[in-house]
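Quick notes on the structure that follows.
The values are calculated or read from the model by the stated rules, or taken from the named source; none is laboratory data. Worth saying up front: this structure is predicted, and the values here are computed from it rather than measured. Positions of Cβ are backbone-derived with ideal geometry, glycine not excepted, and every protein chain shown enters the neighbour counts. Accessible surface is based on the protein model in full, side chains and every heavy atom, while ligands, DNA and RNA are left aside. Shrake-Rupley method; radii C 1.70, N 1.55, O 1.52, S 1.80 Å.
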Amino acid sequence: MYNKYAYEKYDENKFSSEITPFCEDYRVFLSKSKTERLATRNAVELAIAHGYKRLDSVASLKPGDKVYDVNRDKNVVLFVIGTEKITNGINILGAHIDSPRIDLKQNPLYESTSFALLDTHYYGGIKKYQWVARPLSLIGVIYKKDGSVVEVNIGDNPNDPVFGISDLLIHLSQEQLTKPAAKVIEGENLDVTLGSLALTEGENKDVKSNVLRILKGKYGVEEDDFVSAEIEVVPQGEAKDYGIDKSMIAGYGHDDRVCAYTSLRAILDVENPKRTSCCILVDKEEIGSVGATGAQSRYFENVIAELMEKNGEYSELNLRRCLTNSKMLSSDVSAGVDPLFLSVNELKNSAYLNKGIVFNKYTGSRGKSGCNDASPKFIAEIRNVLDEEGIYYQTSELGRVDLGGGGTIAYILANLNMDVIDAGIAVLNMHAPMEIVSKIDVYEAYRAYKAFLLKI
């Protein structure tokens, strides 16, 4: 159903029996997947539990086989082999698993006025003032010179301490409050407080030395090991039901792990498709999809080549034919209409919570700059399937013309000459430490993704 509120078809019993358990699984996944490494690990665990085998562990493939591959612990791609030749094209769900956050610098640790602090550099588009005066966790990895890897996760365990970035008290903030919002908190002031207690014995009786002593005792690392670390500063705590009716989920990282999870669940529930089904979860979207783990990497083409080789179809020409014949949903979130900020939208072409999955024919900014403008023929094909399946959907742009805009990975895969359209879930507070989604939209998106894999 197009542009209708999806709760029309859900009574209380149906909501409780179908939507609630699905969204509870998602809430747990989101709470456990605050970095792209954790999201990859948790996705692989689900895949293995559903019978998937690692691609490099199989010699050949046949229809119905389920395989996955991992790239640098920050990408995961899953396939269900169809009855048609891979050369004829595959149906792809593509989402990203990185989210806006704050990263530690390579030489982060310093002391000032008897505080030990960590210097940072923010990642992706954030409102910097939203990240101060709130509990934060430190999650990531430290690679040591001997090749060993130390995992860091401090803050989310109930017995852990938490961290934070301090803000100026209201009594002394008269000058601060005259600054524009972009300057109220400067990027170089997003430093995390790590400790305030000095050593009571030894030569170096200072706070920084005490922190280093604790880190060495707990993790066996030295200060120099920060140079080869990747530690992310993320909001502390679990995602929660939102609203007295528990109709929504509040949490960090809905953009874009809500589309990643629903895409993942869709392919996990696919059996014996006609066209080979694919779900790829990528990194680096929030900073331009660059690098070896971003959507612009050749990794995706390479892994399809490996798939075709094991299926007895590979040639450079067949790979190009496969990509040209493939169809993709770029599974990424849209900006939901917020009742407190109606003026930023053109309401006839905006996404609303509880109206189901959102399709963006184009994103970009200003004169559609940088967008993938999807084929109307492809859109009609999708509409037909969704209506046949009774799935609720809507269309949207990202804000009023000339006001804002944004981008996804859609244009990158479209550059390989396949049909692509953005399709995701409406979000409130996008890029904030706490984002909001509708449970109905989460479930309808899952249904839409699964129908796309099986019916297109």
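The figures follow:
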{"read-out": "Candidate set: the range 183-196, residues that are out of contact with any Asp or Glu (no Cβ under 8 Å at 6 or more places or on another chain) and part of a loop (DSSP other than H, G, I, E, B); chosen: the one surrounded by the fewest Cβ atoms within 10 Å (Cβ to Cβ)", "value": "Glu186"}
{"read-out": "Residue in the range 354-362 that is closer than 14 Å to Gly405 by Cβ and surrounded by fewer than 22 Cβ atoms within 10 Å (Cβ to Cβ) present", "value": "yes"}
{"read-out": "Output for the range 215-236, where each listed residue is open to solvent by 40 Å² or more (accessible area, probe 1.4 Å) and among the aliphatic types (A, V, I, L, M)", "value": "Val227"}
{"read-out": "Residues that are of a type in the set (Lys, Arg), open to solvent by less than 70 Å² (accessible area, probe 1.4 Å) and either part of a helix (DSSP H, G or I) or at pLDDT below 95 (or both), drawn from the range 292-328", "value": "Lys310"}
{"read-out": "Any chance Ser331 is of a type in the set (Gly, Ala, Ser) and either modelled with pLDDT of 95 or more or surrounded by 14 or more Cβ atoms within 10 Å (Cβ to Cβ) (or both)", "value": "yes"}
{"read-out": "Meets criteria (in contact with an Asp or Glu (Cβ under 8 Å, 6 or more places away or on another chain) and either within 18 Å of Gly89 (Cβ to Cβ) or modelled with pLDDT of 95 or more (or both)) for Glu435", "value": "yes"}
{"read-out": "Residue check for Leu212: surrounded by 13 or more Cβ atoms within 10 Å (Cβ to Cβ) and over 25 Å from Leu38 (Cα atoms)", "value": "yes"}
{"read-out": "Verdict on Asp245 being under 30 Å from Asp25 (Cα atoms), among the acidic types (Asp, Glu) and within 23 Å of the chain's Cα centre (by Cα)", "value": "no"}
{"read-out": "Residue tally, condition open to solvent by less than 50 Å² (accessible area, probe 1.4 Å) and within 15 Å of Lys218 (Cβ to Cβ), over the range 149-165", "value": "6"}
{"read-out": "Number of the condition not met by Gln176 [criteria: (1) touching a strand residue (DSSP E or B) at 6+ places or on another chain (Cβ under 9 Å); (2) open to solvent by less than 90 Å² (accessible area, probe 1.4 Å); (3) of a type outside the set (Phe, Trp, Tyr); (4) more than 30 Å from Glu8 (Cβ to Cβ)]", "value": "(1)"}
{"read-out": "Residues that are more than 30 Å from Asn88 (Cα to Cα), open to solvent by 10 Å² or more (accessible area, probe 1.4 Å) and not aliphatic (A, V, I, L, M), drawn from the range 237-284", "value": "Gly237, Glu238, Lys240, Asp241, Tyr242, Gly243, Asp245, Lys246, Ser247, Tyr252"}
{"read-out": "Residue ID - modelled with the highest pLDDT, chosen from residues in the range 197-247 that are of a type in the set (Ser, Thr, Tyr) and in a helix (DSSP H, G or I)", "value": "Ser228"}
{"read-out": "Lone unmet requirement of (1) crowded, with 22+ Cβ neighbours inside 10 Å; (2) free of Cβ contacts under 8 Å to residues at least 60 places away in the same chain for Pro376", "value": "(1)"}
